[in-house]
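Below is one structure, written out as structure tokens; comments come after it.
The values are calculated or read from the model by the stated rules, or taken from the named source; none is laboratory data. All of these numbers come straight from a predicted model, not from anything done at the bench. In this analysis, Cβ positions are derived from the backbone assuming ideal geometry, glycine residues included, and neighbour counts consider all displayed protein chains. Just so you know, the surface numbers come from the protein's heavy atoms only, side chains and all, with ligands and any DNA or RNA stripped out. Shrake-Rupley method; radii C 1.70, N 1.55, O 1.52, S 1.80 Å.
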Amino acid sequence: MPSTDGNIENEEYWNIIHIPDKAPVPPNLQPTVNAYASIINPKHANTLIRKLNKIFPLEDLRHVKRIRKKCVEGNVQLLVILCLASDESGQLENIPSDMVELIKSYQLSTFITKVSKHAATSEEEWEEQCKLWPTSYHPPTYNIDGITGFSEENSQSVFEFMKLAIELAKSVDGQIVNAAVIVNPTSNQVVARSCDQVFFQNPSTRNSTGEGYLEPFETMSSPIIQGPQTHTTSSSHSSINEQKRTYSDVSCLHPWQWAEQQSQASCFRHPFHHATMVAIENSAARDRYLFPASEHIVDKCCQADVMDGTVSSSKKQKTETKVEDFGIQNIEPNACGSMPVRPYLCTGCDIYLVWEPCIMCAMALVHQRIKRIFYAFPNLNAGALGSLHRLQGEKSLNHHYAVFRVFLPETILDRGDVVTAVSTSDKNKTQVS
């Protein structure tokens, strides 16, 4: 087992951190809005609330509770939110006329109070909101493994696949590039893997069979398939520390580097060949290799539908069935005599990346129906899943995945071997960033 130093075993490392859909806000810095409120007679509470909900419903503040109980010198007071306030003057002339009539009929004394503008995304935020005015809190109920934490066994599995990605990132001619490993979590099999290939020496090395996908009998213990050599901007005399500071060969960190780079006769460029994109291409090549008959049948069905002028939605979705079967290693008829069905893109798969993906790669993973994304290091230049943007929280998209950061020491990129993850029960809980 490789030795580990004190820095590597620091408590902050080897943790899996959930990256939520929205950036968390410090509880004491949450945005607020002003509202008119008043103390009311408990006898009038039900009638008054019904009228308020009819005249001035809190459509944009559904998380705010309309009534607040307050204990003053042993007596319980009821306070109610009347409506939103346009300013802090508290003058009746600034209150809508319908509300003024209600205030006069119940002889209410209004005042301005602050309420939280947005619903709480964590228990800590909710507790802070309630100090201003009571709100409701609904913990997230995701049906994705890991959102609420990882078991010891699952944590170790995540670490192993991330270490594979780290090794792949260091495998290209001694340079540091981004790497991607697509995994079927049902069978814990690697589906495809690749590293950055924006710059490569010989375009003929890329073929229709898809370099980087795993042959049917290849296992996790097999050697890493090295892609074509990646062009680097640093000179041969550049120190390792200089590369460590810039990581100039990581495509997602420098998505426009291909356009700025001086062209060389022996070097070819492809701006889309980031590690994620190549791994997706390799996954598709693997499916074509394992399911040639399935692809032919699907194409025939689609052609027949187009000729008839009708495209059945059920036939469109035919390839989405039996996604779990893509972990099989031999294409053999099942017990019923039918052939396994080709998976639909990368539905249900996980992907492990050394660096946080850029917008292009993150969007490609949306289209591929990836279930979970794990990355080790943030991308402060062009990160799409936490650093600059949070694509996983974009409600207009038709697919959403869960995002996690596997917190690793940066020195792991400089070591000659992969460090063994520290296994403790304290590291099983998923944190939120």
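Pairs spanning more than 30 Å between alpha-carbon atoms, out of Lys170/Lys371; Lys54/Lys131; Lys22/Lys65; Lys22/Lys170; Lys114/Lys395; Lys69/Lys395: Lys22/Lys170; Lys69/Lys395.
Let me check something: with ligands and nucleic acids excluded, how do Thr148, Thr347, Thr121 order by accessible area (1.4 Å probe), largest to smallest? Please report the intermediate quantities before stating the final value.
Values: Thr148 130, Thr347 40, Thr121 80 Å².
From most exposed to least exposed: Thr148, Thr121, Thr347.
The residues of the range 32-132 present an accessible area of 63 Å² per residue when probed at 1.4 Å with all protein chains retained.
Ignoring ligands, DNA and RNA, please state the percent of accessible area on the range 32-132 from carbon and sulfur, probe 1.4 Å. Numbers along the way, then the final one.
Numbers: 3030 of 6320 Å².
The C+S portion of the solvent-accessible surface of the range 32-132 is 48 percent.
Give the peptides 374-380, 49-55, 353-359 in descending order of average Cβ contacts within 10 Å, highest first. Please list the in-between numbers first.
Values: 374-380: 21.1, 49-55: 13.3, 353-359: 26.9.
Answer by packing, highest mean first, reads 353-359, 374-380, 49-55.
Debye calculation, C-alpha points only, no solvent: report log10 I(q)/I(0) for the range 32-132 at q = 0.17, 0.20 Å⁻¹, in the same order as the q values. Debye output, listed in q order: -0.80, -1.09.
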